[in-house]
Amino acid sequence: PSCCLCVPCNDENIIFVGFKTFEEIWKFSTYWATGHCMENLLFDEKFWLSSLEENFAIEVSIQEETLNLIYKGILMQEGSCSADQIFDSCTSGRDLYLEQGDIAHFEPPFLGSGWTVLSLSDGARGTAPTPALEPVIPFHQGSCLATVEYDAESPEELSIAPGDRIIIVGLLVSCFDWFTGRKEVTGEVGLVKTSLTDLKKNMQGFLDQGKDSSDLIVTMKGTLEDLFMPTEAKDPSPPCFTVYPTVEGNINNENFVPLFSFLDGQECKAEFGVLYGLSSELLTSTTFSGHSDEEELIAFLGLAREAAMKKQLVWPQTRLCFLLGKLCAAKSNFIQARIYFEKALSVLQESFSDFKLLASIYSNLAAIYLLEKNTESFFAVMERLAALLLGIPDCLESLEDNSVLKYILKKAVLSRNKTAEARACYLLAKHYWTDRAERAQAVPYIERLLVLSAEAQRPWKISLSHGYLTLAWLYSELCLYHLSVSSARRASLQPCARLSNCLISMVLVLDNGNKLCGITEQKASIAPQVAPFLHLSFTKVQEGGRTQCHVLRHQLALCLCQLFYKHKMVEHAIHQMHMLINNSPPLKEVPIYLPERNSALIWLAWLHIENNQPDVALDILDSVLSTMPEHCTTPQEGVVLNMRGVVLRYMGDLQRAAESYQAAVDICEEYEDLSNWAVAQANLGKILSALRQMALPLRHLTEAVQLFSELDKGHEANFIIVLLELGQHYLKQQQIYYGKGCYEWALLLSHCHVQMFCQLTATRNLCNLYRFETPHQAQCIIYSEHQVQLLRRKGDREQEGDALEAINHLYIILGTDRAYRAALDYTKSSLGIFIDLGCREKEAFAWLQAGKIYHLLGQTELVDLYVEVAQGVAMKTGNNIFILKLLEAAGDIFFNTSCSLLSFSVKSTFVLDTGVHLNERVAYHRLASLYHCLKQYELAEHYYLKTLTQCPTPLQFDEETLYYVKVYRALGDILFYDLKDPFDAAGYYHLALAAAMDLGNKRSQLELCTRLATIYHNFLIDRELSLFFYQTARGLAAELNVRRIDISPDKHYSSISQYKTTGKDHKIN
């Protein structure tokens, strides 16, 4: 791209725009001047709605001095930079002497030489040193005086004498050699040399005339209106003439009578204008008939010209020369064509009054001179043609191409003559506008014309609003939607803009706003950029004070209100509705306005409900009911009662709400108002369900579904919501089949009518149905995957990640390798989303879940990596509770793998830092169990003892005492069976026995007494203690009905055998 935005890191809210080409600089400057297009790029949607009462814009500053230097350099490289100047002191040159006040044309010095000077008074040319200059008035209107006698050299020129007053037709631009003038005495119109008039003596008069009126302004006003609001008038077609065979030396004048009759006359008829614009192919095929080829037609017209010469019919002879020249040029016989065109200029002896013909002759001659590289003749003709076009814009229709228009534009730009530049831009725009296929090329000239109009020192009496609307329409045709919207906005903001302009602008924005957002016609909605146009149109209608526009005002306000409501700006919507209602005409003046007023009040009540103001809404609805007839009902009353039920339900008065809904149902049924009847039935069924009714809600909801199914398009959202409500009601009554049918129907409707929210709700309900109500793993996975697709289209990435996690769990439940791999893919997808969104906690669990799946797949080499990353992410959250939760989950998942050692080690270290004793005891206990399973008995003993240090003292609950029994017995088993240390094992068993006796747990006492009897009898050889514990065990066995006690040393097993059967840790109560 050639344009880039740079936002610096500061608090000044500045954006720098950089460009790579001068063309892009020019385009940006033009676009900014004609319509502030950056607002559509930089402002969000709510900005357009929140700034209706304010004049807002982006302030743009351009380094004008730098740009001017660049432009000057480009112009100097392309050629001489000319400007019209006037001396304010005497200046002498080597070859030319000028006095103060003389007007001359200057070209800048080249390679150290002096300024090149052309005196406009006598045409003298020479050089001069650096002069002291002042700009001249670049153009003139009104009149001027002839200073030199001049005899016309051709019919199109005016013969003048000193003192003759010349009325300027159109513009006299000092940088052009000729202008179109009219002699005040005789009324003759023709071309006048600029150098033959005295401009300096009449300069103050020109300025005074410009203060009050201007022929230019009047002329441009009319022509601009014609351009921007073109008429569809049909051009007349010239008659068809028959070409008769030609015989050399035998001329039958009767054959030419119809042709001469048509071509005669000094004034330009409408048919002549069409004839001058026809191409040679159309002349040959439509205007003339009866000939075999162009040669025969040329011969026929040549004989007609000779006959006209003999009869001295000058105008037919002139127009025949033009037609012959055009036909010869088409055959590439340029020499003969030039002869004919030049002859056409010399036939007349009187003044040349058909200026369209003159312009067409000049245009063709210029093209031929250019091909012949006859520069002097080319520029001479171009100057005359420029004078015609600047004076008589209708001559534009006679041009063969736009070369003369570009010549005028370039010369006007170089002379800094903005009015002449505006005229040139207008002529170029009109030239392209007439050809529908080339209308797009008129855009830059209309842009420049509007810029010049805005910069004019004295305002031009042209409709800028129409100009901007035309530009907006062209931008729309070129798919430049940002520019189209901006130009339409600029059109509506013009002081001269009328209500019709604002409405047309709004239509353009409605069309292009949706295209700007990529919205198709099927999904078309009102873009927020329309809000300023709605507000402006509403204000203009309001200021007009015409009661007949109340319908338009009503619709504009409602549309603006709905825009506010759509974008969650309820308070603004309420304010807009109050403006509408408070400024409405009295009912006695417009009696038909009562239904519309009630509709506005109902909508206002709904807005107050949305704004958590049910009491205000209820008062409004009651006031609407009070205005309705007492002895007869109306369809609108059913709507009000339905809304009243909504308000009462919102306020918690369910019984009165049900009564209001029932009344609404009765009225809607009476008037067969199906849409409101269906809504009222649905509301009644829902509220009866809330009142714990059983059969009635089902009946009303079913009737609502039946009514909605009979309606046309436009009620799909409510229909789907009722189906979902009916489905939930069926599920509450355990009618799973019917509930599933309602959900699937709702999903189908929401898919067909592109109701994204409803489709998502129906899909979630089906997921829950197949997961909990009627478990079906495959169906649940299908709908869950569809839910992911919907969330992806909606753009809610966090919910998409959660849905992917749910699918992952569903696949894990299937328990196959293929399912595990599918679960891994979904887990990695959700992991990527959580990383992008920065959801650390969900990211950590996703890493852990991926590690679990790799463990299930038997790829243990990746398990440690994923668990370690999960722990690292969890540590970065700084949430101690979450870190403990994740580490505990890691321990539960990977208890039987070596990687759990890392998990428990990290967790144990972290728990010591937190200082939470219960969490520390759990961590130490699980770590001790892990080391016990890994046969690292010394570490297991160490962490079991650390676990006991976290227990409260004194013991308060039986569960705590039971925990002591279990831990000390586990320690005794480790010392006795695994470390072969019966002495220390006996100490742990004594402690466990003490806790068991305190608890009164006789079964634990039996086990501990038996083990102590075994140790003292077989290993420590203490007969007294052995007998004591044996007898105690026998007594407990009798109470517990245990038949045999075995204290033989042969019963020797490993202390970890308990884990081999359960695979689980001791549970801590």
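Hey, any hits in segment 523-545 for a residue that's at pLDDT 85 or above, open to solvent by 50 Å² or more (accessible area, probe 1.4 Å) and either out of contact with any Lys or Arg (no Cβ under 8 Å at 6 or more places or on another chain) or not small (Gly, Ala, Ser) (or both)?
no
Select from segment 737-763 the residues that are part of a helix (DSSP H, G or I) and among the aliphatic types (A, V, I, L, M) and write down the one among them that is nearest to the chain's Cα centre (by Cα).
Applying the filter and picking the extreme gives MET756.
Pick from TYR783, TYR770, TYR820: which is more than 29 Å from GLU725 (Cβ to Cβ) and crowded, with 18+ Cβ neighbours inside 10 Å?
TYR820
Could you check segment 569-582 and list, in sequence order, the residues that are modelled with pLDDT under 85 and open to solvent by 80 Å² or more (accessible area, probe 1.4 Å)?
Scanning segment 569-582 gives a single hit, ASN582.
Of everything in segment 338-358, what is of a type outside the set (Ser, Thr, Tyr) and within 58 Å of the chain's Cα centre (by Cα)? Give them in sequence order.
ARG338, PHE341, PHE352, ASP354, PHE355, LYS356, LEU357, LEU358
Mind checking whether some residue in segment 710-717 is open to solvent by less than 40 Å² (accessible area, probe 1.4 Å) and either over 28 Å from ASP653 (Cβ atoms) or at pLDDT 95 or above (or both)?
yes
In segment 713-760, which residue that is free of Cβ contacts under 8 Å to residues at least 40 places away in the same chain and polar (S, T, N, Q) is farthest from ILE807 (Cα to Cα)?
By that ranking, first place goes to GLN733.
Does PHE957 satisfy the criteria of being under 24 Å from TYR931 (Cβ atoms) and open to solvent by 10 Å² or more (accessible area, probe 1.4 Å)?
no
If you take just the helices (runs of 4 or more DSSP H) that sit entirely in segment 321-437, which of them hold at least 3 residues that are closer than 30 Å to ASN68 by Cβ?
375-391, 403-414, 418-433
Among LEU641, LEU688, LEU684, which is open to solvent by less than 40 Å² (accessible area, probe 1.4 Å), modelled with pLDDT of 90 or more and more than 42 Å from the chain's Cα centre (by Cα)?
LEU688
Do we have THR318 as among the polar types (S, T, N, Q), in a helix (DSSP H, G or I) and touching a residue at least 40 places away in the same chain (Cβ under 8 Å) here?
So THR318 does not fit the description; no.
Kindly provide the set of residues from segment 461-480 that are more than 11 Å from ILE446 (Cβ to Cβ), open to solvent by 50 Å² or more (accessible area, probe 1.4 Å) and part of a helix (DSSP H, G or I), ordered by number.
Within segment 461-480, just GLU477 meets the criteria.
In segment 692-702, which residues are open to solvent by 50 Å² or more (accessible area, probe 1.4 Å), more than 19 Å from ASP666 (Cβ to Cβ) and aliphatic (A, V, I, L, M)?
Listed by number, the residues that qualify are MET694, ALA695.
For segment 368-401, how many residues meet the condition of being over 45 Å from the mean Cα position of the chain (by Cα) and either open to solvent by 40 Å² or more (accessible area, probe 1.4 Å) or of a type in the set (Lys, Arg) (or both)?
Counting residues in segment 368-401 that are over 45 Å from the mean Cα position of the chain (by Cα) and either open to solvent by 40 Å² or more (accessible area, probe 1.4 Å) or of a type in the set (Lys, Arg) (or both) gives 10.
Of the conditions (1) over 30 Å from LEU837 (Cβ atoms); (2) surrounded by fewer than 16 Cβ atoms within 10 Å (Cβ to Cβ), VAL705 fails just one. Which one is it?
Condition (2) is where VAL705 drops out.
Inspect segment 296-311 for any residue being over 19 Å from ILE361 (Cα atoms), touching a His at 6+ places or on another chain (Cβ under 8 Å) and either modelled with pLDDT of 85 or more or open to solvent by 30 Å² or more (accessible area, probe 1.4 Å) (or both) and give the result as yes or no.
Yes, because at least one residue in segment 296-311 is over 19 Å from ILE361 (Cα atoms), touching a His at 6+ places or on another chain (Cβ under 8 Å) and either modelled with pLDDT of 85 or more or open to solvent by 30 Å² or more (accessible area, probe 1.4 Å) (or both).
Among what's in segment 617-638 and is surrounded by fewer than 16 Cβ atoms within 10 Å (Cβ to Cβ) and among the hydrophobic types (A, V, I, L, M, F, W, C), pick the residue that is farthest from LEU580 (Cα to Cα).
CYS632
Report, ordered by the first and then the second residue, all pairs with beta carbons closer than 6 Å, sequence separation of six or more or different chains, a first member in segment 677-693 that is under 12 Å from LEU726 (Cα atoms), and a second member that is hydroxyl-bearing (Ser, Thr, Tyr) and part of a helix (DSSP H, G or I).
ASN683/TYR661
Is it the case, given these coordinates, that LEU563 is of a type outside the set (Ser, Thr, Tyr), at pLDDT 80 or above, under 30 Å from CYS752 (Cα atoms) and surrounded by 19 or more Cβ atoms within 10 Å (Cβ to Cβ)?
Yes.
Here are the criteria: (1) among the basic types (Lys, Arg); (2) assigned to a helix (DSSP H, G or I); (3) over 20 Å from LEU731 (Cα atoms). Tell me which single one LYS713 does not satisfy.
Going through (1) among the basic types (Lys, Arg); (2) assigned to a helix (DSSP H, G or I); (3) over 20 Å from LEU731 (Cα atoms) one by one, LYS713 breaks only (2).
The conditions are (1) touching a Lys or Arg at 6+ places or on another chain (Cβ under 6 Å); (2) crowded, with 21+ Cβ neighbours inside 10 Å; (3) modelled with pLDDT under 80, and TYR924 fails exactly one of them. Which is it?
(3)
Only one of (1) farther than 21 Å from VAL381 by Cβ; (2) modelled with pLDDT under 60 fails for THR127. Which number is that?
In the conditions (1) farther than 21 Å from VAL381 by Cβ; (2) modelled with pLDDT under 60, THR127 misses (2) alone.
So if I check each of TYR963, TYR977, TYR989, which one is assigned to a helix (DSSP H, G or I) and either open to solvent by 30 Å² or more (accessible area, probe 1.4 Å) or in contact with a helix residue (DSSP H, G or I) (Cβ under 6 Å, 6 or more places away or on another chain) (or both)?
Among TYR963, TYR977, TYR989, only TYR989 is assigned to a helix (DSSP H, G or I) and either open to solvent by 30 Å² or more (accessible area, probe 1.4 Å) or in contact with a helix residue (DSSP H, G or I) (Cβ under 6 Å, 6 or more places away or on another chain) (or both).
LEU971 passes all but one of (1) open to solvent by 30 Å² or more (accessible area, probe 1.4 Å); (2) modelled with pLDDT of 90 or more; which number fails?
Only one criterion in (1) open to solvent by 30 Å² or more (accessible area, probe 1.4 Å); (2) modelled with pLDDT of 90 or more is unmet by LEU971, namely (1).
The values are calculated or read from the model by the stated rules, or taken from the named source; none is laboratory data. Since we're looking at a predicted model, the values are computed, not measured. Note: ideal-geometry Cβ built from the backbone for every residue, glycine included; neighbour counts use all protein chains shown. In case anyone asks, the SASA skips ligands and DNA or RNA and just uses the protein heavy atoms, side chains included. Shrake-Rupley method; radii C 1.70, N 1.55, O 1.52, S 1.80 Å.
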